[in-house]
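Shown next, in structure tokens, is the structure this report addresses.
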Amino acid sequence: NEVYAAFNVDLAEFPSDDEMSMLAFDACLERFENFVGNSYEDSELDILTLYPSKESWGLQNDREVVCALYDMNTNKLTGSARNSGL
């Protein structure tokens with residue numbers, strides 16, 4: 001996996017778990033093509049998101065979303081996928 005973006009969610013309150021998951025994926029998707037150099041639909045790569053849980057949001061003030069890439073065929077990535085067109 002390669003982390004290609006990380007950012008904080010700018011919301012006053014924690015949304016539902018499903019809404020947080022969709023928000024994280026959509027925001028990572030927006031950043032995907034600019035990093036990889038290929039559209040998500042045409043890429044060999046998929047997106048993995050890490051995002052706050054309701055518990056970490058409340059107890060640790062966690063607002064960070066992390067976007068990572070991985071090969072859908074479970075091939076090991078070597079080097080960076082930045083501008084790779086994969």
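The values are calculated or read from the model by the stated rules, or taken from the named source; none is laboratory data. This structure is a prediction, so every number in the text was calculated from the model and none was measured. Note that we place each Cβ from the backbone using ideal geometry, even for glycine, and neighbour counts take in every protein chain shown. Heads up: the accessible areas ignore ligands, DNA and RNA and are worked out on the full protein's heavy atoms, side chains in. Shrake-Rupley method; radii C 1.70, N 1.55, O 1.52, S 1.80 Å.
PHE14 fulfils the conditions (1) within 28 Å of LEU86 (Cα to Cα); (2) outside any helix (DSSP H, G or I); (3) not polar (S, T, N, Q) except for a single criterion, (1). One residue stands out among those in region 48-86 that are in a strand (DSSP E or B) and charged (D, E, K, R): the one that is surrounded by the fewest Cβ atoms within 10 Å (Cβ to Cβ), which is GLU64.
Among the conditions (1) open to solvent by less than 30 Å² (accessible area, probe 1.4 Å); (2) modelled with pLDDT under 95, SER43 misses just one, which is (2). Residues that are touching a residue at least 40 places away in the same chain (Cβ under 8 Å) and part of a loop (DSSP other than H, G, I, E, B) within region 23-47 comprise GLY37, ASN38, SER43, GLU44, listed in sequence order.
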